[in-house]
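Q: Structure below; questions to follow.
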């Protein structure tokens, strides 16, 4: 037996967070089925009742695989590299393929445990009748391939990065891209006449990189973005592309498992201030913010901790923020233009819902990435003791760190304002709704930041805090939407409305009259709930910082 498999798998099982994840999944799946279990000795012969529960169960299980599995392969190789054991493995009689097989097998065995946790719930759902065993087989096949694809992706990212927290951030960003962004090309170009049939075919294949079309096809809900046209079946397309992409990612990573993985060529760097005057003028013309220009001193009116966060964090650099803002602004303008020009048959409400979901996905990706390491990153690197020795108060310290994230999230939210402005020009009667949506999105950012900072401060390791923060933030925002997905069965109207009140995303979709959300009245109570919960999270953060500041 490959010794790496035993070491990797047992190491995952010994992790408290792995046990907690498996226990929570088992409890959630069991409760979801029991809530809809018949109270008398009757069986719904039509199968409608069991199909409704099966959809909740299937989407919930896919969510668990998507957001729980990638965290472990993302930190596998980088932890070995930082601890010095990867060099020992490469010097052992095992070749790169054997090392990779051992590590990926340990992660996949954990994925099997995640799927096994759902077997009691799936058996109960099958016993309700009306659902064939083939649907369960196809669902588990898709989820197994999904775990394989995301595990190979996480291993590849882990072979490139230099820290475990960076590996988790990049891996989850890539997972979000494969899950949602791959659907956009097909949605935009199918049936629009843009680019002809070739563009439609390419968009169709790109769409099948996401598991959503395959799972929706199994659930009997059609394909995402098909618009009633004949498309490549989501299940077949995903199986082919998942196997192909997993093979490519695995081969790519195996080719990197040699001693050259430790070689890092670094440029000596050139400071713009040391260049000739003509080159400085040219760079000033080509760069809004020159990344090679020496920064000035910190003004007296700025919080030095905030400036330190911006200058030390790679993503906090202005040139990266401007690139992100530009992409968001262009995307929002393109969406609104397509609705205004009649390129698609979407209404203004659908465009508004897409803009809301775009901003929410950006917040979910950015807030845990930036907020989870505010305290744990300092404790992990030893910088917390240096901060304690400075004359900076605890309040100024934590406010500077929080403001460094607040400015980043505000820039992202402001980048989509042009899209909302065009929406108001198209339909002036939506002015009040757009204003309320923007307030909801502002609360979404504050809520996500509060949860990320509070949860991240509870852990010493940056990688652990980032992983758990992502799981918590995603659960907080996604579980109410899963409850909404089960509206009427198994959840009633009041239950769904109560669940949506816990997240400002539901309020934003309700205000914009997104399909399926218009019946719920969530304002202004949703703002009060978000404010209270955010205040509780900030209080937890403040207490933790006060405790760490006084620790001996």
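A short reminder: the numbers here are calculations on the coordinates, not readings from a lab. Given the structure is predicted, the values throughout are model-derived calculations rather than measurements. Virtual Cβ from ideal backbone geometry, glycine too; neighbours counted across all protein chains shown.
Q: At 0.36 nm per residue, minus the direct Cα-Cα distance, what do residue 240 and residue 357 gain on full extension? Give it in nm, one decimal, please.
A: Details: separation 117, 0.36 × 117 = 42.12 nm, distance 2.85 nm.
Residue separation times 0.36 nm, minus the Cα-Cα distance, leaves 39.3 nm.
Q: What FRET efficiency do you get for residue 494 and residue 30 if R0 is 30 Å and r is their Cβ-Cβ distance, rounded to the nearest 0.05?
A: According to the calculation, E is roughly 0.85.
Q: Ranking request for peptides 203-211, 430-438, 14-22: highest mean number of other beta-carbon atoms within 10 Å first, then the rest in descending order.
A: Descending packing order for the listed peptides: 203-211, 430-438, 14-22.
Q: Between residue 543 and residue 181, what is the spin-label point distance in nm, taking each point 7 Å from the Cα along the Cα→C-beta axis?
A: 3.9
Q: Estimate the FRET efficiency between residue 431 and residue 91 by the formula 1/(1 + (r/R0)^6), using the beta-carbon distance for r and 56 Å for R0, to the nearest 0.05.
A: 0.25
Q: Same structure again: Neighbour counts of other C-beta atoms within 10 Å: give me 279, 300 arranged from fewest to most. Before the final figure, lay out each step's value.
A: Working: 279 12, 300 6.
In increasing order of surrounding Cβ atoms, one gets 300, 279.
Q: Specify whether the C-alpha gyration tensor of region 408-530 places it in the rounded, prolate or oblate class, a ≥ b ≥ c being the square roots of the eigenvalues: rounded for a/c under 1.5, otherwise prolate if a/b is larger than b/c and oblate if not.
A: Oblate shape, in that a/c is at least 1.5 and b/c is the bigger or equal ratio.
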